[in-house]
1. Mind ranking B:116-128, B:78-90 by how tightly packed they are, going by the mean number of other C-beta atoms within 10 angstrom, highest first?
2. Which ³J(HN,Hα) values, rounded to whole Hz and listed in residue order, are derived for segment B:23-33 from phi using the Karplus coefficients 6.51, -1.76 and 1.60 in 6.51 cos²θ - 1.76 cosθ + 1.60 with θ = phi - 60°, glycine and proline given as x?
3. Within 10 Å of each Cβ of A:41-50, how many other protein chain Cβ atoms are there on average?
4. Rank these by accessible area, largest first, 1.4 Å probe: B:TYR40, A:TYR117.
5. So how exposed is A:VAL69, as accessible area in Å² (1.4 Å probe, rounded to 10)?
6. Could you derive backbone 3J(HN,Hα) for segment A:71-87 from the dihedral phi with the Karplus parameters 6.51, -1.76 and 1.60 (θ = phi - 60°), listing whole Hz in sequence and x where the residue is Gly or Pro?
7. Just tell me how shielded B:83-92 is by partners: mean number of partner chain Cβ atoms within 10 Å of each residue's Cβ, no decimals.
8. Do the alpha carbons of any pairs in A:LYS15/B:LYS23; A:LYS44/A:LYS125; A:LYS15/A:LYS125 sit beyond 25 Å of each other, and which pairs?
Amino acid sequence: MDIFTTFDVSASALKAQRIRLNTISSNLANVETTSTPEGGPYKKKSVYFQTKPISFKEELDSSIQGVEVTKILEDSEEPRKIYDPAHPDAGDDGYVAMPNISVLKEMVDMMSATRSYEANTTVIKSAKRMALKALEIGR
Amino acid sequence: MNPLNPFDSNINLLQKVLDLRAKNQSVIATNIANAETPGYASKVFQFEEQLQNAISAKPGTLATTHGRHISTSPDNVSSVTGVIHEVKDKTGLGDENGVSVDMEMIALSENELLYETAAQLLKKKLTLLTYAIQEGK
């Protein structure tokens with residue numbers, strides 16, 4: 001364990017939160033997307049966090065762990081149906097399948113991701129101040 | 001008195017405190033990084049009690065006067081390692097994550113302040129030593 005371990009731990013969390021924010025922005029951008037290359041409407045994506053050992057040495061001492069996004073899950077909920085017969089993606093019954101994304105939920109998730117990111121930058125700042133203080137010894 | 005350690009044994013103690021506080025910082029960073037990992041159990045690093053026992057070593061503990069002697073108790077400041085406790089989520093709500101970010105942020109500031117205190121004390125001790133070396137000039 002050295003003084004930079006804390007930086008590694010918090011940096012892994014910053015990366016994970018950034019990936020989360022990217023998926024949220026993808027969800028918000030595609031809130032009305034009715035067709036995708038795979039066919040069907042866009043499916044809501046969400047991240048899955050898992051602890052991650054920082055280095056081999058820390059793997060033996062499992063108290064210090066970072067975090068990483070191990071998979072991006074696709075929502076399996078049924079698409080929302082909207083009646084619009086003039087739409088090019090409308091089915092025979094005149095209904096269009098829309099992505100099942102709640103803008104409100106995405107916004108709350110976005111705020112949560114931002115706060116987590118901020119908490120981790122605070123840890124990095126604190127670790128930096130500590131390291132600088134240690135450099136002052138004997139000066 | 002050890003000629004290489006002319007000042008006092010508190011320098012060793014402060015050095016150990018800095019090490020342990022740095023480790024505590026990493027543990028707190030781990031908790032904050034995993035504040036949203038499902039099933040993660042919060043970790044608490046404790047060393048104060050061990051350190052207290054080491055500096056107030058009881059009379060009657062066996063002295064280690066040879067390099068191959070085995071110490072009977074953590075009466076030696078440098079052998080204090082601290083212990084890690086896991087605190088599992090007991091609320092039964094949500095994703096069973098035991099971290100509360102606000103408590104961790106408080107622990108983070110406290111740990112930082114105590115680290116800086118130890119660093120400052122160490123710095124002052126070394127400044128005094130320098131003063132003595134330079135004949136009080």
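The values are calculated or read from the model by the stated rules, or taken from the named source; none is laboratory data. In this text the structure is predicted, and so the values were computed from the model without any measurement. Don't worry about glycine lacking a Cβ; one is built from the backbone with ideal geometry, like all the others, and counts go over all protein chains shown. Quick note on the areas: whole protein, heavy atoms, side chains included, nothing else; ligands and nucleic acids left out. Shrake-Rupley method; radii C 1.70, N 1.55, O 1.52, S 1.80 Å.
1. Working: B:116-128: 16.2, B:78-90: 13.6.
Descending packing order for the listed peptides: B:116-128, B:78-90.
2. 5, 4, 4, 5, 5, 5, 4, 4, 4, 5, 4
3. Details: counts 0, 0, 0, 0, 0, 0, 1, 2, 10, 5.
Averaged over the peptide's residues, the number is 2.
4. Values: B:TYR40 10, A:TYR117 85 Å².
Accessible-area ranking of B:TYR40, A:TYR117, largest first: A:TYR117, B:TYR40.
5. Its heavy atoms expose roughly 30 Å² to the probe.
6. Once θ is set to phi - 60°, the couplings for segment A:71-87 become 8, 10, 8, 9, 5, 9, 5, 5, x, 6, 9, 10, 7, 7, x, 7, 6 Hz.
7. On the way: counts 1, 4, 1, 1, 0, 0, 0, 0, 0, 0.
Rounded to a whole number, the mean comes out at 1.
8. Working: A:LYS15/B:LYS23 22 Å; A:LYS44/A:LYS125 34 Å; A:LYS15/A:LYS125 16 Å.
Over 25 Å Cα-Cα: A:LYS44/A:LYS125.
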